[in-house]
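The next block holds one structure in the form of structure tokens; read it before the comments.
The values are calculated or read from the model by the stated rules, or taken from the named source; none is laboratory data. This is a predicted model, so every value here is computed, not measured. Positions of Cβ are generated from backbone atoms using ideal geometry, with glycine treated the same way; all protein chains shown enter the neighbour counts.
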Amino acid sequence: MDFASDLFSSSFAPDMTTPLLSLQGITKRYPGVVANQDVSLTVMPGQAHAVLGENGAGKSTLMKIIYGSVKPDEGQVVFNGQSVQIRNPQEARKLGISMVFQHFSLFDTLTVAENVWLGLDKSLSLAEVTERILAKASEYGLDLEPDRPVHTLSVGEMQRVEIIRALLTEPKLLILDEPTSVLTPQAVEKLFVVLHKLVSQGCSILYISHKLHEIRALCSACTVLRGGKLTGVCDPREETNASLSRLMIGAEPPALAPTPRTPGDVVLSVKGLQLDKQDPFGVDLQGIDLQVRSGEVVGLAGVSGNGQRELMWALSGEDTRSPAAAITLLGQSAGQLPPRARRSLGLHFVPEERLGRGAVPSMSLAHNLLLTRSEALGTGGWIRMGALADQARSIIERFKVKASGPDAAARSLSGGNLQKFIVGREISAAPKLLIVSQPTWGVDVGAAAQIRAEILALRDAGCAVLVVSEELEELFEISDRLHVIAKGRLSPSLPRAEATVALIGEWMSGLWPAAKAEMAQGAQHVQA
Amino acid sequence: MFKLEARPQASRLWTYASPLLALALTVVLGVILFIALGKDPVRALQMFFWEPIKSGYALGELMVKATPLLLIALGLAVCFRSNVWNIGAEGQFVIGAVCAGGVAMLAGKDTGRWVVLVIIAAGVLGGMLWAGLTALLRDRFNASEILVSLMLVYVADMVLSYLVYGPWKDPAGYNFPQTKTFEAVTQIPRLMTGSRVSVGLLIALAAAAGLWVFLFRTRAGFAQQVGGLAPDAARYAGFSSRKALWVALLTSGGAAGLAGALEVAGPIGQLTPYVPAAYGFAAIIVAFVGRLHPAGMGLSAVLMSMFYIGGELAQSRLGLPKSITGVFQGLLLFCLLACDTLVAYRLRWVAARSAVAGGKA
């Protein structure tokens, strides 16, 4: 996936020796955690500089310090050769620092131009702002309609609004926080064209990511953080994936060796599922056809917000508006069964939101078992506390969850550890069908590898698995077959061997041949 | 200056210490208030904190008032833990009293003792009915249970007034707005002679124990609370939010109605326009000061009962206005809400300008 590397040669670093930005000995402590410890960072003018690290490595805190929204406890910030104290984002913007956040700060009901206007000098009129947006957009080849309300935009377009907003301040330094996590591969390519152009014009870029190939395609310098500390500064183009991940996680993730198997009987079958959205910004599901067999992992790719949430609600039983016959679980019509009935048929589900949906934040791990497990219950729903604690303890041990014990509140665990516990809770129930949504979202590399291995082990034990993920690499790694969901429609199934990033990327925009769809569906039945 | 800093984990210590600190602050503010009113603060505090416990009889009176407060608070705790905001326990209390009183009026001189059970059942059902109206409107039309339950308090008061000024007025009562005095056979059995404490106290204590078991030892109680703490998790687990709504409102309505029945067939002995004593509102404070925990609410019900009795004494002996009880209740609740900040945050003293090391350069 080094589609942008050929563009790299066009970028150059202006011959200047004064760093644009230099951080020295930055330390930031939060209660119970040191987010940054003695971190230094130097960005040259016209340099695309990557900040690499796992979730929780302290990347975002460091960026917020540069952008003035967090004050460091120690250390100093030097910008353009002058020691500065950036007290708030306004001061940062005055210095020429702009930031595009991972989570967009746009008002859904306003238009593109109005959203941009909100962040700008108040003396401008809306018409002038519109003009400037169009000028910037054509300069960088970002196509954008200033009059469209934001809620009608795709995620990629929303990001373009954020980027235009940042560019209108004529930044010397542009900070991008995980900008590609919500984009299709094609949209990533477009973004990189813009970024390369910016760099060639002398703008510096701080690019936060944990995707190695992107960093290598864009950046000429890289600062690696682990656990809040600096672990290395290097030129990513001269490093291998292995050496970069060693810097990032301290050890290489264990490689998985998937063993192909012949899938067994159909466990989940969805036929022509049609479902109107429940909330105004949701997605209508249209004609979803899907089969998952025992002993196979089916991956569901797609950019988030294309109907994954709605499909998961319908499959888990949180939404029971489907026609009964549209969803069949182990031969039973299940479209209108509530979650508990589906669970007793053998369907277990790991939702993407861990806190508040997969677990009750303020309750103990042991109590959180009761959401989906009932082994520790006696007659009349009496909770046997000893048995419940033992059950929690065994999951904590088996899945290597770092927690103080069964009494630890769910919210006291890190994202990765809570995810391990929730995945462990569902896997140890010995499900016949496991549905996992974003299994490794916000989870560190070590835990992610462990969760993927557990999913594969479950498949090898004969369980049917459906995995929804935004991470294509993850899906390629663990799936036997792939589907793509786009705009509420589901693509035909594709064996992993035939899937390429380019093809899946194209399908993510909804461009799969409809005729081919029927053929592939037929072929799949023959195959089985 | 002081700075509030989020704690990594909620403080166990302050979960329990916060109500005590709130009580201490309430006392301090009370002393300031008494001095401002020109009263001797020591004597005033005596009325509130010593008089109600100085004799066996006084203790009995303390329990008489604590019983309905505890019963109502127990029911409300189920609601609040399920994120159902029943503010109208007062109305459910009144309708419970009306239904119980209606049955009690039917009893004659030769009715058996069994009538007490019927009176209690009528009270419970009346309270459930009144809370059920709120549940129905919330369930069917998604009406805010806060507004509906609160408004129904005033409707309940009107129902009571209509009955005691109209059809149920005692013909031999010199045109006073009250029903006839109920027959002695309807009287809730007392625990001992020389005190007005009735079996109601035992019922309340048993209910507290029952609530503890329900909340902390049954899956139904667990499901009920998940709905309040994390609605999405309840939906994911498959716990019905409609069921939680109905269980919460019917339980608290029943508890409030029971308290109403115990009052009219106990200390009051007839229906008058003065049956509503704002127990239903005070119980909200009892529930929160008691941390929605059965044991905690037992203690806070006694405390609130002291405020009631102390307020009456301060009125008769020191000439303080009647509203002093309400002032104390409000002070306690607000102090508690303020002190609860300390559960999730800690106070830290920081120098006026935090030293960002930029100054070193």
Quick check on the range B:66-73. Is at least one of its residues touching a residue at least 24 places away in the same chain (Cβ under 8 Å), in contact with a helix residue (DSSP H, G or I) (Cβ under 6 Å, 6 or more places away or on another chain), within 14 Å of another protein chain (Cβ to nearest Cβ) and assigned to a helix (DSSP H, G or I)? no
Going by what's in this entry, would residue A:125 be described as over 22 Å from the mean Cα position of the chain (by Cα), under 28 Å from residue B:350 (Cα atoms) and among the small types (Gly, Ala, Ser)? no
Filter the range A:71-118 for residues that are more than 11 Å from every other protein chain (Cβ to nearest Cβ) and of a type in the set (Val, Ile, Thr); which is farthest from residue A:206 (Cα to Cα)? A:109
Would you say residue A:361 is within 22 Å of the chain's Cα centre (by Cα), facing another protein chain (nearest Cβ under 8 Å), touching a residue at least 12 places away in the same chain (Cβ under 8 Å) and surrounded by fewer than 23 Cβ atoms within 10 Å (Cβ to Cβ)? yes
Condition met for residue A:309 (in the same structural domain as residue A:489 (by TED's automatic domain parsing), closer than 15 Å to residue A:466 by Cβ and modelled with pLDDT of 95 or more): no
Name the one entry in A:176, A:183, A:225 that is in contact (Cβ under 8 Å) with a residue 12 or more places away in the chain and in contact with a Phe, Trp or Tyr (Cβ under 7 Å, 6 or more places away or on another chain). A:176
Within the range A:402-425, track down each residue that is crowded, with 23+ Cβ neighbours inside 10 Å, away from chain B (no Cβ under 14 Å) and either among the charged types (D, E, K, R) or not in a helix (DSSP H, G or I) (or both). A:420
Could you tell me how many of the residues in the range A:368-384 are over 21 Å from residue A:418 (Cα atoms) and facing chain B (nearest Cβ under 10 Å)? 7
Condition first: in a loop (DSSP other than H, G, I, E, B) and touching a Pro at 6+ places or on another chain (Cβ under 9 Å). Now tell me which residues in the range B:74-127 satisfy that. B:83, B:113
Taking the range B:185-229, which residues are among the basic types (Lys, Arg) and within 14 Å of chain A (Cβ to nearest Cβ)? B:217, B:219
Which pairs turn up if I take residues in the range B:135-155 that are more than 14 Å from residue B:95 (Cβ to Cβ) and look for partners that are among the β-branched types (Val, Ile, Thr) and assigned to a loop (DSSP other than H, G, I, E, B) with beta carbon separation below 7 Å, at least 6 apart in sequence or on another chain? B:145/B:84; B:146/B:87; B:150/B:87
Which residues, taken from the range B:1-44, are part of a helix (DSSP H, G or I), without any contact (Cβ under 8 Å) to a residue 12 or more places away in the chain and within 14 Å of chain A (Cβ to nearest Cβ)? B:12
Search the range B:238-253 for residues being in a helix (DSSP H, G or I) and buried (at least 24 other Cβ atoms within 10 Å of the Cβ), and hand back the single one that is nearest to the other protein chains (Cβ to nearest Cβ). B:244
Just one of the numbered conditions (1) at pLDDT below 85; (2) closer than 18 Å to residue A:304 by Cα; (3) not aliphatic (A, V, I, L, M) is not true of residue A:177; which one? (1)
